[in-house]
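Asker: One structure, pasted below without further comment.
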Amino acid sequence: MAHSDRPDMAIAKVYRGTFMHSTQQTAVQVLEDALLGVDTDGKIAFIRRGEELGALSQTFGFSPSDVTQLAKHEFFMPGLVDTHIHACQYSYVGTALDMPLLQWLDTYTFPVESQFKDLQFAERVYSQVVSRTLRNGTTTACYFASIHTDASLLLGKIANDFGQRALVGKVCMDTNNSVKHYKETNQESQDETCRFIAELLKRKYPLVRPVVTPRFALSCTGALLGQLGEIAKKDNLHIQSHISENLEEVKIVKALFPESESYTDVYLKHNLLTDKTVMAHGCHLSDKELDLFKEKGASLSHCPNSNISLCSGLLNVRNVLKHQVKLGLGTDVAGGYSASMLDAVRRTRDTSKVLNIQNPEHETLTFEEVFRLATLGGSQALSLDDKTGNFEVGKDFDALRVNVAAPGGPMDWIQSEKPKITLEKFLNLGDDRNIAEVYVAGRKVVPFKE
Ligand code: GUN
Ligand code: FE
């Protein structure tokens, strides 16, 4: 501590034990017998060595007996960041994976999403998806809702009530929909987007923000894309959509927007490619398009379960990283059949290994790299890395308390194992039974309060 005076922040909690997180330089940094203090605003006040307890307790004014000590078979890691999930599609997760994207949307997705006009149904499903993802360690989620403004606001309320950090998007679509009653006029889409943003901001939920959400270029007229780009620009808002997921989609986008050089150029021309944009998939982007992402600071959400389940393609994450494009992982429920980010971690490695089988020169992603993508990478992809993603002092304490020896759990703890090996095992074998506690901005949100 550089200054000898007591800092003016008050310490709410101190934890001692093993912490593992990522930094820009190190994919997995292991801090054994560390002390982490959380202030009354839920921010990380210090992360230091255990032997500094005496000095820290004096500097920060807490009693050493108040420190929460982790067991040997426990560790803290940053919360998982799901950069792409459709909250309303949770109602049919784990089913309907027998068609390619465009047919899947018409057959299953649009009819289901149209039911979210019913606020009671929305409340039930949205409570389920928020609680399920939180229990599985998703401390931050970037949600697509449906076209319905009131139900989308309800999703924001539910995320806030459970204490999950969330970006919430009311979906916009004014063209090309086979389901007649699941479409907006251009004017409705603009007006309702503005109403959604204004109303959500007015509620001042501390961890929930709106995100401008054109579904994808095939669901929106050029006019609507441009108007949404303007709306986002005016208030410097987040933007999310889909890009280059499946080859048929790419072909139709090219035919519908002949004046654009590429799919990426369609979004660029409409002011939708910014440093607060996250685009899902990107399996079929060219190197030139990745350069545009890099230049604009836009990011990609890699959704490997969905890419495989809908036979969309295999994203070459190594190539995306070589282009220095920000990238996070997403479940893409229900194109992806699991709402757990641990599944996204595993499918990311599988995809990388399939690419290696196809081309032995392809350098597979290490588990350390994938851990970083699921945490710090996700926070960067959502431009929330000033608040979350790792255990840097000043960030919010978004964390999972992992117990690899949970009774009845899916894995066995081997006593002599090094922490990094334990982390690797948890990522490959663990599930929500191992996630003993979840913290968002310092608040314990799992186990749920009765
Ligand atoms: N492209 C446009 N809408 C969707 C959707 O709901 N899911 C997926 N995976 N891709 C899309
Ligand atoms: Fe999606």
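Readers should treat all values here as calculations from the given coordinates under stated rules, not as data from a laboratory. In this text the structure is predicted, and so the values were computed from the model without any measurement. All Cβ positions, even for glycine, are placed from backbone atoms using ideal geometry, and neighbour counts span all protein chains on display.
Asker: Could you work out the relative contact order of the chain, using alpha carbon pairs under 8 angstrom and six or more residues apart, expressed as a whole percent?
Answerer: That works out to 19 percent.
Asker: Taking the Cα atoms only, what angle lies between the long axis of helix 119-135 and the longest principal axis of the chain, rounded to 10 degrees?
Answerer: 40
Asker: A further question follows. Taking every pair of Cα atoms in segment 143-212, average 1/r, invert it to obtain the Kirkwood radius, and report Rg/Rh to two decimals.
Answerer: Answer for segment 143-212: 1.01.
Asker: Something else about it: What order do you get for 142-150, 385-393, 260-268 when each peptide is scored by the mean count of other beta carbon atoms within 10 Å, highest first? Display every interim value, and only then the final one.
Answerer: Numbers: 142-150: 24.8, 385-393: 19.6, 260-268: 21.3.
The densest-packed peptide leads the list: 142-150, 260-268, 385-393.
Asker: Just list whichever of LYS202/LYS254; LYS296/LYS425; LYS387/LYS449; LYS43/LYS353 have alpha carbons separated by over 28 Å in the model shown.
Answerer: Details: LYS202/LYS254 39 Å; LYS296/LYS425 37 Å; LYS387/LYS449 25 Å; LYS43/LYS353 38 Å.
Beyond 28 Å: LYS202/LYS254; LYS296/LYS425; LYS43/LYS353.
Asker: Let me ask something else about it. Taking the square root of 5 times each eigenvalue of the Cα gyration tensor, what semi-axes in Å does the equivalent ellipsoid of segment 97-211 have, largest first?
Answerer: So the equivalent ellipsoid measures 24, 19, 11 Å along its semi-axes.
Asker: When all C-alpha to C-alpha distances in segment 274-328 are sorted into bins of 10 Å, what percent of pairs does each bin hold, rounded to whole numbers?
Answerer: 27, 57, 17, 0
Asker: Sticking with this structure for a sec: Gain in length, ALA10 to ARG132, computed as 0.36 nm per residue apart minus the alpha-carbon separation, to one decimal in nm?
Answerer: Taking 0.36 nm per residue and subtracting the Cα distance, the gain is 40.7 nm.
Asker: Over segment 277-381, one equal point on each Cα, no solvent: what is log10 I(q)/I(0) by the Debye formula at q = 0.13, 0.14, 0.19, 0.20 Å⁻¹?
Answerer: With no solvent term, the Cα-only Debye profile gives -0.40, -0.47, -0.90, -1.00.
Asker: Please list the radius of gyration and Dmax for segment 37-155, considering alpha-carbon atoms only, with Å as the unit.
Answerer: Values for segment 37-155 (Cα only, Rg and Dmax): 21.6, 64 Å.
Asker: With a sphere of radius 11 Å drawn around the Cβ of LYS269, what net charge do the other residues whose Cβ falls strictly inside it have (Lys, Arg +1; Asp, Glu -1)?
Answerer: Within the 11 Å Cβ shell, the charges total -3.
Asker: I would also like to ask the following. In whole Hz and in residue order, list the ³J(HN,Hα) couplings for segment 65-74 that follow from phi through the Karplus curve 6.51 cos²θ - 1.76 cosθ + 1.60, θ = phi - 60°; x for Gly and Pro.
Answerer: The phi angles translate into 6, 8, 6, 8, 9, 6, 6, 4, 8, 10 Hz.
Asker: I need the phi-derived Karplus couplings for segment 183-191: 6.51 cos²θ - 1.76 cosθ + 1.60, θ = phi - 60°, integer Hz, Gly and Pro marked x.
Answerer: 7, 10, 7, 4, 5, 4, 4, 5, 4
Asker: At q = 0.16, 0.25 Å⁻¹, what base-10 log of I(q)/I(0) does the Debye formula yield for segment 406-450 when every alpha carbon is treated as an equal point scatterer in vacuo?
Answerer: With one equal scatterer per Cα and no solvent, log10 I(q)/I(0) is -0.53, -0.93.
Asker: When the C-alpha atoms of the chain are aligned to their principal axes, what extent does each axis show, in angstrom, from largest down?
Answerer: 67, 53, 42
Asker: Give me log10 I(q)/I(0) at q = 0.17 Å⁻¹ for segment 323-450, Debye formula, one equal scatterer per alpha-carbon, no solvent.
Answerer: One equal scatterer on each Cα of segment 323-450 leads to -1.08.
Asker: Moving on. Would you calculate the volume per residue, in Å³, of the smallest convex hull containing every Cα atom of segment 127-180?
Answerer: 90
Asker: P(r) for segment 220-310, please, calculated from all Cα pair distances in 5 Å bins and given in %.
Answerer: P(r) over segment 220-310, rounded to whole percents: 3, 14, 26, 26, 20, 10, 2, 0.
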